[in-house]
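Reading through the structure tokens given below for one structure.
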Amino acid sequence: MARLSPGSAVILQGRDGLSLAAVVGGPFEDGTYDLDSQHRVRPQALTPFPMGEMVEYHSASMNSWIPAQMLRQGRAVGTFDLDCKDGVEVKRIRLPAGHPPPSGPSAPPATSFLNGRNNGPGSGTGLQVGEWCFYKSSSQGWIPAKVVRAINDEAYDLDVKNGAGVQNIYPLRADIVVEYQSASANSWIPAKLLKPGSEQGTFDLDCKSG
């Protein structure tokens, strides 16, 4: 990915799915960036958002979200000029419903896989009933899921989606090396996935349980 400059609009892939954000600082020595909404974000979680794209803008006068076109960066960092209003703060702009995922590499929420050593999307073949994975939801991004039934080598019934294709499944298996987003350290740290946690949708890592 090309170097981002303060004021750039980006798509952030976080644990809650995709969101629009503005770069306010960086890149720092470790390659991370500060966003308006989050600090020290790894570049792998960011995709540049091109000017001219359609967005949704929260209009205070109408008290609703309305379609708009992002034209350019605003005068102040973290603001953008839209076709309907100049200098709009990024917190009042969102991606339109059904916005396609970034074309670059993406990873499930709170984890990213290191050095190409682990299975990626599309390598779901061979999953067993009861096995945990991440499923790429069109509305929520990557969410935890459990295999309920194998339909064939190309599709599975999950507890969150029937007939999920392997291209939207990210296997999670013991001993794979991941990166964990530590709230206390406010950064991503290497970790090994050990087993599913005691609560549904959680996992025990070598550095943290659940």
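Looking at segment 1-49, which of the residues that are of a type in the set (A, V, I, L, M, F, W, C) and in a loop (DSSP other than H, G, I, E, B) is surrounded by the fewest Cβ atoms within 10 Å (Cβ to Cβ)? That would be Ala2. One residue stands out among those in segment 57-73 that are surrounded by 19 or more Cβ atoms within 10 Å (Cβ to Cβ) and free of Cβ contacts under 8 Å to residues at least 60 places away in the same chain: the one that is nearest to Ser37 (Cα to Cα), which is Tyr57.
Here, each number is a calculation from the coordinates, and none is a lab measurement. Since the model is a prediction, treat every value here as computed from it, not as a measurement. Positions of Cβ are generated from backbone atoms using ideal geometry, with glycine treated the same way; all protein chains shown enter the neighbour counts.
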